[in-house]
1. Those residues that are on the phi > 0 side of the Ramachandran plot, away from the ligand (no atom under 16 Å from the Cβ) and in contact with a strand residue (DSSP E or B) (Cβ under 7 Å, 6 or more places away or on another chain), I need them from region 146-197; list them, please.
2. Could you please tell me which pairs satisfy a Cβ distance under 7 Å, a separation of 6+ or placement on different chains, a first residue in region 238-257 that is assigned to a helix (DSSP H, G or I), and a second residue that is surrounded by fewer than 12 Cβ atoms within 10 Å (Cβ to Cβ) and not acidic (Asp, Glu)?
3. For region 32-74, enumerate the residues that are under 18 Å from LEU291 (Cα atoms), within 12 Å of the ligand (Cβ to nearest atom) and of a type outside the set (A, V, I, L, M, F, W, C).
4. Consider region 229-258. How many of its residues are in contact with a Pro (Cβ under 7 Å, 6 or more places away or on another chain), closer than 21 Å to LYS63 by Cα and not β-branched (Val, Ile, Thr)?
5. Checking the structure you have, find out if any residue of region 178-191 is farther than 20 Å from SER217 by Cα and of a type in the set (D, E, K, R).
6. Only one of these is over 16 Å from ASP187 (Cα atoms) and either within 15 Å of the chain's Cα centre (by Cα) or of a type outside the set (Gly, Ala, Ser) (or both): GLU285, GLU276. Name it.
7. Going through SER257, SER217 one at a time, which residue ends up being within 18 Å of the chain's Cα centre (by Cα), closer than 22 Å to HIS85 by Cα, small (Gly, Ala, Ser) and open to solvent by 50 Å² or more (accessible area, probe 1.4 Å)?
Amino acid sequence: MATERHHFELAKGINGLDKIVLRESRGRSAEVYLYGSHVTSWKNENGEELLHLSSKAIFKPPKPIRGGIPLCFPQFSNFGTLESHGFARNRIWEVEANPPPLPLNSCSSAFVDLILRPTEEDLKIWPHNFEFRLRVALGTEGELTLTSRIRNTNSDGKPFTFTFAYHTYFSVSDINEVRVEGLETLDYLDNLKNRERFTEQGDAITFESEVDKIYLSTPTKIAILDHEKKRTFVIRKDGLADAVVWNPWDKKSKTISDLGDEDYKQMLCVEAAAIERPITLKPGEEWKGRLELSAVPSSYSSGQLDPKKVLE
Ligand code: TA6
């Protein structure tokens, strides 16, 4: 049971892995596994799951959990020599009882602070000392906020450089029916075309085939409009210039062992990221990257589905 001191519950999850449960007074909840500091669930006041967790997700280190919000650090995808998306997502994190102060944006009563420091093994593959703090908070309006603070704690005076992403898997009613607002006319790197650079057309982004694009220098607010569920996901991001949009569609899905063949129809990844301009920190310096997710009821009559309104 969450105590006065602890704004969360510690519980056993799948395969006995430790997880944190955050509960908000009106029935909203979120779950974070210490394995990867991985948010695997975010539910609204009706108990509806807002994140997609693969029907074949594996909860067994060192395999990353497929779905929810994997953390990509210190490397996004194969933008470097480390394993895909780096190693933070397949390490066991710790709960930090007394982290350096971090103002809470909403009077959220449900939050947890987690921390990752490199092991001797990590230092062999990425020779840098760091402290990666993540606060996961569930707000009074049901918004889910992830705030990362990465500090260079090298004692040898060396700076380090990294790329980063919150690799969020959103649950959608039907991928053919959703659209993304806020990325129109932006340049992007197409991962399906050797990362060649293109410019997006002027309308909302819709989906009819595999997509894997890195949008560059995006606005801080992006929206996913799900007609069928009369729901709009509003993504707010700070310190994260880019956004990745990914759906593997049918063929690629069949090549991903821990993703169900039909899962792609109910998922969409829109990832707040720092890729084009990697982050460099000198010893003692700290970077902060914040993601806030909201799920708002939306209908044409409320104008909520009017892109201009959504992104205002
Ligand atoms: O973020 C999009 C992406 O980089 C895709 O290229 C695809 O590989 C996806 O991530 C999943 O990566 P993973 O390493 O989790 O299989």
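The values are calculated or read from the model by the stated rules, or taken from the named source; none is laboratory data. No experiment lies behind these values; they were computed from the predicted model shown. Methodologically, a virtual Cβ is constructed for each residue, glycine included, from the backbone with ideal geometry; neighbour enumeration extends over all protein chains shown. Keep in mind that these areas ignore ligands, DNA and RNA; they rest on the heavy atoms of the full protein, side chains included. Shrake-Rupley method; radii C 1.70, N 1.55, O 1.52, S 1.80 Å.
1. The answer is GLY182, THR185.
2. TRP249/SER209
3. Scanning region 32-74 gives GLY36, HIS38, GLY67, GLY68, PRO70.
4. 0
5. Keep residues of region 178-191 that are farther than 20 Å from SER217 by Cα, which gives 178.
Going one step further and asking which of them are of a type in the set (D, E, K, R), we end up with none.
So far as region 178-191 goes, no, none of its residues is farther than 20 Å from SER217 by Cα and of a type in the set (D, E, K, R).
6. Details: GLU276 fails: over 16 Å from ASP187 (Cα atoms).
Matching residue, one of GLU285, GLU276: GLU285.
7. Details: SER257 fails: within 18 Å of the chain's Cα centre (by Cα).
Answer to the selection: SER217.
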